[in-house]
Structure formats: structure tokens, C-alpha cells
Amino acid sequence: MARELKSWSFWRAVLAEFVGMTIFIFIGIGSAIGNKHNKYPDQEVKVALAFGLAIATLAQSLGHISGAHLNPAITVGLLVSCQISFFRAFMYIVAQMFGAVVASGIMFKVSPDPETTLGLNMLSNGVTVGQGFAIELFATFQLVLCVLAVTDKHRTDVTGSAPLAIGLSVGLGHLVAISYTGCGINPARSFGPAVILESFKNHWVYWVAPLIGGVAAAVVYDFLLYPKREAFGKRLNVLKGTADPDPSETEALIEPRTPRSGSGGLGAE
């Protein structure tokens, strides 16, 4: 932790998570609340594309700085996968939550609708808490599994765009879950509007389910489907932050070269 505290590249990475999350939430909830003024009320595809394309764009833009997690569930998944330290994970999540609140506050002020819902995630009519929980869990599971797979440095067969694959995974999650839960799959995305509107009904679902989904994806992929052979001691050093290279040396998978970063995400080592 001491090494990271003294590293300017670490704080640049935290700032990148804040900036990226602010842009992502502004675009995402802007597309969601815009539906009210649309001639066609059923615009789930538009919202799914907005969230997915935003993630793909931001991953391409910020992946070399922070790994472009932009989601506490992804950050926790990479923590369980031993790709980032506890302290880095904590600071990333704080930055993501703050960015989501800032973006929601800006959208609340600029929205022409004085009664805007800010795309607040809520369970749809007829959807029980248990059903919503399961949908959020599985939708997040596939997203984190995709992130871990396309950023795995041990693979040599990934020739496409990792940011695009992750963006498509986000869009897929929305196409499946938006009709049932509004599609959280990102606790910070659910947290921002909830704070601004002071509405937390069933809010725990949008934290617990995605985090469990992220942890499950990491365990299944990194320890069952495609286990790594690094020494256990090296894994512990990564978790403590003593094995992470300086994030300024990151070479993301979006570049045609071998990645070296310890920031996780698109620059995962």
C-alpha cells in the first residue's frame, strides 16, 4: 500500500476510474431517461447499445491507465483473481461510486424533466426480489467472465478487440435484464441515481447480486476453467500490492504486444 500511495501513476489510475465512471453514467442514464420523450416507449435496444458502446469506448480510452474497470463487480472479480491489490480495489470502488454520484447529479440538473427518475434501477412489476437477484447475478457473471477471458495474458488466441468484446457483453446483459431489473450489473451505476433521488428500495439486490456474480466468475474462470500456475506467494504479493508493476508501464491488450500491467482489466497481467 505504501508503494501505491507514493506512486503518481496509481493516483492517475484512480482518477481515470472516476472520470470514466462519470462519463459512463452520464451517457447511460441519459439514454435511459430520454425514452420518456421518445415516440416509441420500448427503446431497450437503444439503452443497451448506449451502455455497451460507452464501455467499449471508455475501455479503449482508459484501459492503458487504470485497466478501465468502471464497475465494482469487475474490480472485486479481479481482486479475487489476484490481479490487483486490496488497496487498489478499495480506491477504485470509491472513485467509481463518487463518479456515479457526480454524473447522476449533473444529469438531474440538466434534465428537462423535473420529475426525472435518472434511470433508477427498480424491480419491474411482478418480479420478486429472488428473481431479480438471480437475474442480476447471472448477467454480471457473464460480464466478469468475459472481462477475465479477453484480458487473460496467458491466451494467444484473442485477436479481436477486447474493449469491443466487453462492450458487447455489457449490451448483452442489458438486453436480457433490463425488462426485469432495469439491469444494474454494476453497483456504482445503481448507487448514483439512488443517492441523488434518495431512493433505496431493494437497493441491496443491486450490490449483493453483482458482487457475488463477479466473485463467482473469478472463481470459476481463474481456478476451475483456466487455472493459473503462478506460485501462491506471488498471488499474495499481488493482493498486498507489492508485486504490481508501476501502472505507467501498462501495455493494454488493445495494443498488439505483450501486456505487463498489474492494474487488472484491459491491462491485466
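The values are calculated or read from the model by the stated rules, or taken from the named source; none is laboratory data. None of these values were measured; they are calculated from a predicted model. Here Cβ is always computed from backbone atoms with ideal geometry, including for glycine, and neighbour counts include all displayed protein chains. Remember, those area values only see protein heavy atoms, side chains included, never the ligands or the DNA or RNA. Shrake-Rupley method; radii C 1.70, N 1.55, O 1.52, S 1.80 Å.
What to note about this one:
- The C-beta contact set for the stretch 145-159 (first residue of a type in the set (Phe, Trp, Tyr), second residue modelled with pLDDT of 85 or more, distance under 6 angstrom, 6+ apart or interchain) is empty.
- Among the conditions (1) touching a Leu at 6+ places or on another chain (Cβ under 8 Å); (2) closer than 30 Å to LYS228 by Cβ; (3) among the hydroxyl-bearing types (Ser, Thr, Tyr), THR75 misses just one, which is (1).
- Hits in the stretch 95-111 - residues which are surrounded by fewer than 21 Cβ atoms within 10 Å (Cβ to Cβ) and in contact (Cβ under 8 Å) with a residue 12 or more places away in the chain: MET97, PHE98, VAL101, VAL102, GLY105, ILE106, PHE108, SER111
- Subset of the stretch 179-192 (residues that are assigned to a helix (DSSP H, G or I), of a type outside the set (Gly, Ala, Ser) and within 19 Å of ALA95 (Cα to Cα)): PRO187, ARG189, PHE191
- Any chance SER124 is surrounded by fewer than 24 Cβ atoms within 10 Å (Cβ to Cβ), farther than 15 Å from MET21 by Cα and either within 13 Å of the chain's Cα centre (by Cα) or of a type in the set (Gly, Ala, Ser) (or both): yes
- Residue in the stretch 26-44 that is under 29 Å from ASP222 (Cα atoms), open to solvent by 30 Å² or more (accessible area, probe 1.4 Å) and not in a helix (DSSP H, G or I) present: no
- Selection status of VAL219, open to solvent by 10 Å² or more (accessible area, probe 1.4 Å), under 22 Å from PHE24 (Cβ atoms) and not polar (S, T, N, Q): no
- Test: residue in the stretch 91-106 that is at pLDDT below 95 and within 18 Å of PRO210 (Cα to Cα): no
- Residue among VAL195, VAL238 that is open to solvent by less than 70 Å² (accessible area, probe 1.4 Å) and either at pLDDT 70 or above or outside any helix (DSSP H, G or I) (or both): VAL195
- Failed criterion for LEU70 (all others in (1) under 19 Å from THR140 (Cβ atoms); (2) in a helix (DSSP H, G or I); (3) of a type outside the set (D, E, K, R); (4) modelled with pLDDT of 95 or more hold): (2)
- Verdict on LEU118 being of a type in the set (A, V, I, L, M, F, W, C) and not in a helix (DSSP H, G or I): yes
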